[in-house]
Amino acid sequence: MITSTELETKGNLFPGQIKEFRFEGNSVTFTTENNVLLKIDVLRDSILRFRYGTDGIFENDFSYAIDKETIHGFNKFEIQENPSFITILTSKVKCRISTRDLKVAIYDLQNKLILEDEAGFHWQENFEYGGNYVKMSKTSMDGENFFGLGDKPTSFNLKGKKLSLWNTDQFAYSKDVDELYKAVPFYIGLHSNTSYGIFFDNSFRSHFDFCHEKRNAVRFWAEGGEMDYYFIYGPQMADVVSSYTHLTGTPDMPPMWALGFHQSKWSYFPEERLSELADNFRKLKFPCDAVYLDIDYMDGFRCFTWNREHFPNPKQMVEKLEEKGFKTVAIVDPGIRIDSNYDVYREGLEKDYFCKRADGPYMRGKVWPGECYFPDYTNPAVREWWADLFKELVGEIGIKGVWNDMNEPAVMEVPGKTFPLDVRHDYDDNACSHRKAHNIYGMQMARATYEGVKKYAFPKRPFNMTRANFAGGQRFTSTWTGDNVATWEHLWLANTQVQRLCISGMSFTGSDIGGFAEQPSGELFTRWIQLGIFHPFCRVHSSGDHGNQEPWSFGEEVLNITREFVNLRYQLLPYLYTAFYQYVEEGIPILKPLVYFDQEDAHTYYRSDEFIFGNQILACPIQDINSLGRRVYFPKGRWYNFWNDEQIVGGKEIWVDAPLEKSPIFVKEGAIIPKFPVQQYVDEIVLKELYLDIYYKNGNETSVLYEDAHDGYDYKKGRYSLKTFKFRGRASEVFIQQHKDGKYLTPYEHLQVRFHGLPFKIGKAFIDTEEVSLVQLEYDPEYSTLKIPKKFELLHLVREKT
Ligand code: MIG
């Protein structure tokens, strides 16, 4: 590892003057006097890729992070030349390269400087391993703030921090610990109302310094590989995040049950205990869609085996749970026990699929099963083999989802808690050591598992989850924040980490609700549920050795309160599902931090307690013990208190009451929020109607509703329904225009509409310009409710004449 002091002083090499440049297709390549190559690719008008090679050569161009399906294209690509600068122009940015020293500066079209090299690209030769330490240094602008970087358990704004990326199993991690489970070398800079992103596509251990060592410099460097980064222009943070997420890919739609409430523990066994657990949920009318099998379901922790004493008939158990409306999710670990009676081990050995040390011996390490070898998931043949191992577990036994753990990879009782650096990997035919493959390992394991679950769950959709991941891994898997602790600080961390992951391309994420290590009080558990219901992935999980963490373990009051909140999540499923669709299609994060929502509001730069769930719900969970409320910052706009419809004008902080049974939740005015009735699990009932909660606004607001069959692949053949509702409110009338795309026919015929804040009693109603009697619409003036047919283009409601 190199420290920053070395970065400053020892052996740094620089490119020198530009000698020549040539352009070809969408790229320009510069060569300097010191034989440095810089290739700039214009991928979109707003995305430029910068790649530096030393000794006049580039490495093979290969990336696990970039989504090969992403379509690029630009409107403009021009080059201007003068003795001092070569300038690349697109329809969004101007990139100026200095002929004297290869330094880069990027401007918007109004000539506002967005990003500029400080020392620029430099490197240091690495004699021990070969190759270089590759380094970049940029000038930080006045008042610049930084966001992103995946799962870092630290304050949301990264200004002043120095952080590195090296996937690490951190049991019961503490706040501000640096290296955690995931490596997402992507950050967003924001200054003078302009956002841009940097994605450093390098899988070696990398380092980021946001004005920590030097007040006005941002640096990123890696311990090998190439300086290979993408510059993503905003100017809105929303543009940056969507572009980054497109670049590295989005997943397919998950089965809707994966968005339900899940209950896990290390571990539920034997079989009877799971069936009791399931029965309890139903008996207590606490919604739940999935239960989890942690490592104890296996025979001696051997993946793809069962402990037959505790689980004599897994297929039958899974079926019985399914009849009660529960999906079963099972864990797998990468360590394969060294045991010649174990077929997975024998096969791996025969096929030569296990990782080896530099001089040939197998990579041997202790994990749960004892001494293990580890599949090299960076080898495509190994991934295929691993995928096929799910034939029985998923295809025959009926496990519906798989959870990938310990894939940082974690090794017990060794320094560094992982593989030694000399371990060899295939890296899809780019043979390398663990220095390069380490941060990728977990992602490739999750990818292999995904392929297997997808294949054997067909025609249903797969559900997959991982602890370790790398940029782009969101294409294959959901994730969680790992081994947290049942403390108030960790509740705050869960909130911050999940928001951070959402703007780092990985929206499908959540925390172990209640905390993994130690035991929460009933109060902490309740507050955590109040946060967790807004996380895209919503699961209670705990280590199991500190008491029970089922919702009924904390007494009647906690059970009743948490049930109300989980009920709310189930009611909001169509809303969450729509947000998921927008994530899949447009790369829009499911949770939006306030700075993402309104980057012009400097009050948001250091706030992360509040966030926007989907597009129109503002949540601000209580994160402190004994709170009867808290101060909430409201971003611009007007907001309705979810509990009492009180209206608040944003742009300020105000106190909001929140005794234990309440959590501050607000809805944006003009919003149309789709809701299901409460169900005990997804698709328990066939919907007879859909609820629409409409929050009156004197003005316009657009809402979206995405629907499909909740599972399967028909939606990819056009059998989805995407509705846009345009709300237009006046003092004495309301218009709602509906537009529908897609061929999916929803099972219900009517919409049960409920107005909030409607400033008048309805006197007349028109559907598609024809007057309809209010009796027929079952209008109830007291509750402002109406029942309207789902098919309309324009609903027009007029104030009653007095
Ligand atoms: O060394 O499978 O983060 O969720 O319950 C612990 C047992 C291994 C770590 C995971 C946790 C899981 C546990 N695992």
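The values are calculated or read from the model by the stated rules, or taken from the named source; none is laboratory data. The structure presented is a predicted model; accordingly, all values stated were derived computationally and were not measured. In this analysis, Cβ positions are derived from the backbone assuming ideal geometry, glycine residues included, and neighbour counts consider all displayed protein chains. Surface accessibility is based on the protein's heavy atoms, side chains included, excluding ligands, DNA and RNA. Shrake-Rupley method; radii C 1.70, N 1.55, O 1.52, S 1.80 Å.
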**Q.** The listed residue being β-branched (Val, Ile, Thr), more than 22 Å from VAL394 (Cα to Cα) and more than 16 Å from the ligand (Cβ to nearest atom), out of THR487, THR481
**A.** THR487
Q: Check whether at least one residue in the stretch 137-147 is touching a residue at least 60 places away in the same chain (Cβ under 8 Å) and within 22 Å of HIS490 (Cβ to Cβ), and report yes or no.
A: yes
Q. Looking at the stretch 480-502, which of its residues are under 19 Å from LEU576 (Cα atoms) and in contact with a strand residue (DSSP E or B) (Cβ under 6 Å, 6 or more places away or on another chain)?
A. TRP480, VAL498, GLN499, LEU501, CYS502
Q) Pairs under 7 Å by beta carbon, first residue of a type in the set (Phe, Trp, Tyr) in the stretch 541-566, partner part of a loop (DSSP other than H, G, I, E, B), six or more apart or different chains? A) TRP552/LEU284; PHE565/ILE533
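Listed here are the residues, each with its yes/no results for (1) open to solvent by less than 30 Å² (accessible area, probe 1.4 Å); (2) part of a loop (DSSP other than H, G, I, E, B).
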position: LYS159; (1), (2): no, yes
position: SER164; (1), (2): yes, no
position: THR168; (1), (2): yes, yes
position: VAL177; (1), (2): no, yes
position: ILE188; (1), (2): yes, no
position: SER195; (1), (2): yes, no
**Q.** Residues of the stretch 587-601 classified as part of a helix (DSSP H, G or I) and out of contact with any helix residue (DSSP H, G or I) (no Cβ under 6 Å at 6 or more places or on another chain), total
**A.** 1
Q.
Which numbered condition in (1) free of Cβ contacts under 8 Å to residues at least 12 places away in the same chain; (2) over 30 Å from PRO420 (Cα atoms); (3) of a type outside the set (S, T, N, Q) is the only one that ASP61 fails?
A. (2)
Q: Could you look through the stretch 410-441, keep only residues that are of a type in the set (Gly, Ala, Ser) and assigned to a loop (DSSP other than H, G, I, E, B), and pick out the one that is least open to solvent (accessible area, probe 1.4 Å)?
A: ALA410
Q) What is the number of the single condition among (1) more than 32 Å from the chain's Cα centre (by Cα); (2) more than 30 Å from PRO375 (Cα to Cα) that HIS310 does not meet? A) (2)
Q: Among what's in the stretch 389-412 and is among the acidic types (Asp, Glu) and touching an Asp or Glu at 6+ places or on another chain (Cβ under 9 Å), pick the residue that is nearest to ASP169 (Cα to Cα).
A: GLU408
Q. Inside the stretch 232-338, counting only helices (runs of 4 or more DSSP H) that do not spill past its ends, which hold 1 or more residues that are closer than 18 Å to SER478 by Cβ and of a type in the set (Val, Ile, Thr)?
A. 237-248
Q: Output the residue which, of all residues in the stretch 339-350 that are open to solvent by 10 Å² or more (accessible area, probe 1.4 Å) and either aromatic (Phe, Trp, Tyr) or part of a loop (DSSP other than H, G, I, E, B) (or both), is farthest from the ligand (Cβ to nearest atom).
A: SER340
Q) Looking at the stretch 767-782, which of its residues are touching a residue at least 12 places away in the same chain (Cβ under 8 Å) and open to solvent by 50 Å² or more (accessible area, probe 1.4 Å)? A) ASP768, THR769, PRO781
Q. Got a number for residues in the stretch 513-524 being buried (at least 24 other Cβ atoms within 10 Å of the Cβ) and either away from the ligand (no atom under 16 Å from the Cβ) or free of Cβ contacts under 8 Å to residues at least 60 places away in the same chain (or both)?
A. 4
**Q.** the stretch 37-71, residues that are surrounded by 16 or more Cβ atoms within 10 Å (Cβ to Cβ) and either at pLDDT below 95 or not assigned by TED's automatic domain parsing to the domain that holds LYS94 (or both)
**A.** THR70
(Q) Just checking, does the stretch 351-364 include any residue being open to solvent by 30 Å² or more (accessible area, probe 1.4 Å), in contact (Cβ under 8 Å) with a residue 24 or more places away in the chain and within 16 Å of the ligand (Cβ to nearest atom)? (A) no
Q | Residue list for the stretch 91-114, filter: under 21 Å from MET227 (Cα atoms) and either touching a helix residue (DSSP H, G or I) at 6+ places or on another chain (Cβ under 8 Å) or β-branched (Val, Ile, Thr) (or both) | A | ILE97, THR99, VAL104, ILE106, ILE114
Q) With respect to the numbered conditions (1) in contact (Cβ under 8 Å) with a residue 24 or more places away in the chain; (2) out of contact with any strand residue (DSSP E or B) (no Cβ under 7 Å at 6 or more places or on another chain), which one is the sole condition not fulfilled by GLU128? A) (1)
Q.
When you scan the stretch 446-459, do you find a residue that is within 16 Å of the ligand (Cβ to nearest atom) and in contact with a strand residue (DSSP E or B) (Cβ under 7 Å, 6 or more places away or on another chain), even just one?
A. yes
Q | Flag for ALA471 being surrounded by fewer than 24 Cβ atoms within 10 Å (Cβ to Cβ), among the hydrophobic types (A, V, I, L, M, F, W, C) and more than 13 Å from the ligand (Cβ to nearest atom) | A | no
Q. Looking at the stretch 614-632, which of the residues that are part of a strand (DSSP E or B) and open to solvent by less than 10 Å² (accessible area, probe 1.4 Å) is farthest from PRO589 (Cα to Cα)?
A. GLY629
Q. Is one or more of the residues making up the stretch 534-544 buried (at least 23 other Cβ atoms within 10 Å of the Cβ), of a type in the set (Ser, Thr, Tyr) and either part of a loop (DSSP other than H, G, I, E, B) or within 16 Å of the ligand (Cβ to nearest atom) (or both)?
A. yes
**Q.** Matching residues, the stretch 254-290, being more than 21 Å from the chain's Cα centre (by Cα), more than 17 Å from LEU559 (Cα to Cα), more than 16 Å from the ligand (Cβ to nearest atom) and surrounded by 22 or more Cβ atoms within 10 Å (Cβ to Cβ)
**A.** none
Q.
Restricting to the stretch 313-338, name every residue that is over 17 Å from VAL402 (Cα atoms) and either without any contact (Cβ under 8 Å) to a residue 12 or more places away in the chain or open to solvent by 10 Å² or more (accessible area, probe 1.4 Å) (or both).
A. ASN313, GLN316, LYS320, GLU323, LYS324, ARG337, ILE338
Q) For the stretch 86-144, which residues satisfy the criterion of being touching a Leu at 6+ places or on another chain (Cβ under 8 Å) and at positive phi? A) LEU102, GLY120
(Q) Tally up the residues in the stretch 371-413 that are among the aliphatic types (A, V, I, L, M), more than 16 Å from the ligand (Cβ to nearest atom), farther than 20 Å from LYS320 by Cα and more than 26 Å from the chain's Cα centre (by Cα), please. (A) 3
Q: Please state which one of VAL93, VAL104 is more than 17 Å from THR32 (Cα to Cα) and surrounded by 17 or more Cβ atoms within 10 Å (Cβ to Cβ).
A: VAL93
